[in-house]
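The structure appears right after this line, and notes come after that.
The values are calculated or read from the model by the stated rules, or taken from the named source; none is laboratory data. Keep in mind it's a predicted model, so treat the numbers as computed, not measured. No Cβ is skipped: glycine too gets one built from the backbone with ideal geometry, and neighbour counts run over all protein chains shown. Side chains included, ligands, DNA and RNA excluded: accessible areas come from the protein's heavy atoms. Shrake-Rupley method; radii C 1.70, N 1.55, O 1.52, S 1.80 Å.
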Amino acid sequence: MDRNSKLREVLDDPRAVAIIEEYMPGFVEEKAAMMGPVMGMKIGKLLKFPQVSLPKDAVEEILEKIDALDK
């Protein structure tokens, strides 16, 4: 699991979901129905979209924590 993992892989890992929820509470549950078209995208690319509305430092923190999961 790392920043190059696809969104569907990230959402299948409860540890990664917890990291995302830490920064965006309720995001996974509230937006799950709308995420179908982007499930094959890499999480590192997806989190940088302006629609995600996260500061760059928060995005980098999320990605670093996801990168560290399997190390």
Straight-line reach from Lys71: which lysines have a Cα under 25 Å away, not including same-chain ones fewer than 8 places off? Lys6, Lys42, Lys45, Lys48, Lys56
Dipole size in debye (nearest 20) for the stretch 15-60 around its Cα centre, Lys and Arg Cβ +1, Asp and Glu Cβ -1? 280 debye
Heavy-atom accessible area per residue, the chain, 1.4 Å probe: how many Å²? 64 Å²
Between Val38 and Ser53, what is the label-to-label distance in nm when each label sits 7 Å out along the Cα-to-Cβ direction? 1.3 nm
For the chain: relative contact order, % (alpha-carbon pairs under 8 angstrom, 6 or more apart): 50 percent
What is the Å³ per residue value for the convex hull set by the Cα atoms of the chain? 77 Å³
